[in-house]
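*Asks:* To start, I am sharing the structure in question, which I have written as structure tokens.
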Amino acid sequence: TDSTDTADGGVLRMGTNATFPPYEFTDENGEVAGIDAEIAAAVAEKLGMELDITDMAFESLIPALQAGTIDIVLAGMTVDPERADQVNFTDSYATGVQVVIVPENSDIAPVEQEDGSLAVDLTGKTIGVQTGTTGDLYCTDDYGQENVKQFDNGPLAVAALVNGQIDCVVIDQEPAKNYVAANEGLKILDTAYANEDYAAAISKDNTELLEQVNAAMQELKDDGTLQSIIDKYITA
Ligand code: GLN
């Protein structure tokens, strides 16, 4: 295949938000590293393309795809029907879980439901989220915008939690583990707020790239590369 047709002269321009370890973070050399960067590098190699990563706000990623300033998003992005109206998602390459971070001494706790399952009720609490994420969308739907405080990224939300400005943070599980490890006095509640699929996003105008990336990802799944990248960063 002639990859130069697809992504601006053989360069695969990826957008991400590098405040989301272990999927993406800035390493000691100032480079974007992590699961998504490694998967994208493996996909680019299969397509004979050079990978170029741009770090931006999470909520800018879909607009950047639509504007054509990037070709692909890998950002621990959850497949979501509203987003799927705006962009195409590749096949899923990972799963995610929305969790609740609270101070160790918080009165927020999972409560047993009639069916025996555990659920957490955040009514009356001030909930911190990263703007435009599924955590933001779910909490705004469930508890109303007035109870949700938006932050540009996860670490800023967690800092507000540490400072007592908010009561909890709803965010993806693996970044949550990193944030809790980096701060004293926080814990993750045992109940999952939601289970999700992560996929790469591509402009609706670029179905050729979508097919190429899906084919490359399938090869990386089949030969074990994808799982080995994930296992490097996430211990079960
Ligand atoms: N998985 C969440 C979402 O897609 C958060 C992603 C992120 O913050 N990078 O909204």
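Read-outs throughout are calculated quantities, based only on the coordinates presented, and are distinct from any laboratory measurement. Being a predicted model, the structure only gives us computed values, none of them experimental. Glycine also receives a Cβ, built like all others from the backbone with ideal geometry; neighbour counts cover every protein chain displayed.
*Asks:* Roughly how large, in nm² to one decimal, is the mean projection of the convex hull of the alpha-carbon atoms in segment 104-233? Kindly include the intermediate steps, with their values, before the conclusion.
*Replies:* Details: hull surface 43.3 nm².
For the Cα atoms of segment 104-233, the hull's average projected area reads 10.8 nm².
*Asks:* Please report, in debye to the nearest 20, how large the charge dipole of the chain is about its Cα centre when each Lys and Arg carries +1 at its beta carbon and each Asp and Glu carries -1 there. The partial results should precede the final answer.
*Replies:* Details: 10 positive and 44 negative charges, 88 e Å.
Roughly 420 debye, rounded to the nearest 20.
*Asks:* Also, I was wondering about something else. Considering only 77, 236, 110, whose Cα is most displaced toward the positive end of the charge dipole of the chain, charges sitting on Cβ of Lys, Arg (+1) and Asp, Glu (-1)?
*Replies:* Comparing the listed Cα positions along the dipole, 110 ranks first.
*Asks:* How big is the antiparallel share of DSSP beta bridges in the chain, given as a percent to the nearest 5?
*Replies:* Working: 24 of 38 bridges.
Taking every DSSP beta bridge with both residues in the chain, the antiparallel ones total about 65 percent.
*Asks:* Still on this model: Around residue 172, which amide H atoms from residues at least 5 apart in sequence, or from another chain, sit under 5 Å from its own amide H, with H modelled in the peptide plane?
*Replies:* When sequence neighbours closer than 5 places are left aside, the close amide H contacts are 99.
*Asks:* A further question on this structure: Going by average Cβ density within 10 Å per residue, which order do the peptides 171-178, 213-220 take, highest to lowest? Let's see the in-between values first.
*Replies:* On the way: 171-178: 22.0, 213-220: 18.8.
The densest-packed peptide leads the list: 171-178, 213-220.
*Asks:* Extending each Cα 7 Å along its Cβ direction at residue 219 and residue 54, get the distance between those two points in nm, one decimal.
*Replies:* Those two pseudo-labels are separated by 2.7 nm.
*Asks:* Here is a follow-up. May I ask for the net charge around residue 19, where only other residues with Cβ less than 9 Å from the Cβ of residue 19 are counted and Lys, Arg are +1 while Asp, Glu are -1? Kindly include the intermediate steps, with their values, before the conclusion.
*Replies:* Numbers: positive: none; negative: 24, 55, 152.
Net charge in that neighbourhood comes out at -3.
*Asks:* Moving on. Starting from 0.36 nm per residue, how many nanometres of slack lie between residue 234 and residue 141 once their C-alpha separation is accounted for? Walk me through the numbers on the way to the answer.
*Replies:* Working: separation 93, 0.36 × 93 = 33.48 nm, distance 3.03 nm.
Length gained, residue 234 through residue 141: 30.5 nm.
*Asks:* At a Cα cut-off below 27 Å, give the lysines reachable from residue 204, other chains included and same-chain residues fewer than 8 away excluded.
*Replies:* 46, 221
*Asks:* Tell me the mean residue ellipticity at 222 nm calculated for the chain from its helices only (DSSP H runs of n ≥ 4, each -39500 (n - 2.57), averaged over every residue, nearest 500). Could the numbers behind the result be given before it?
*Replies:* On the way: 8 runs with 79 residues, N = 236.
Helix-only estimate at 222 nm: -10000 deg cm²/dmol.
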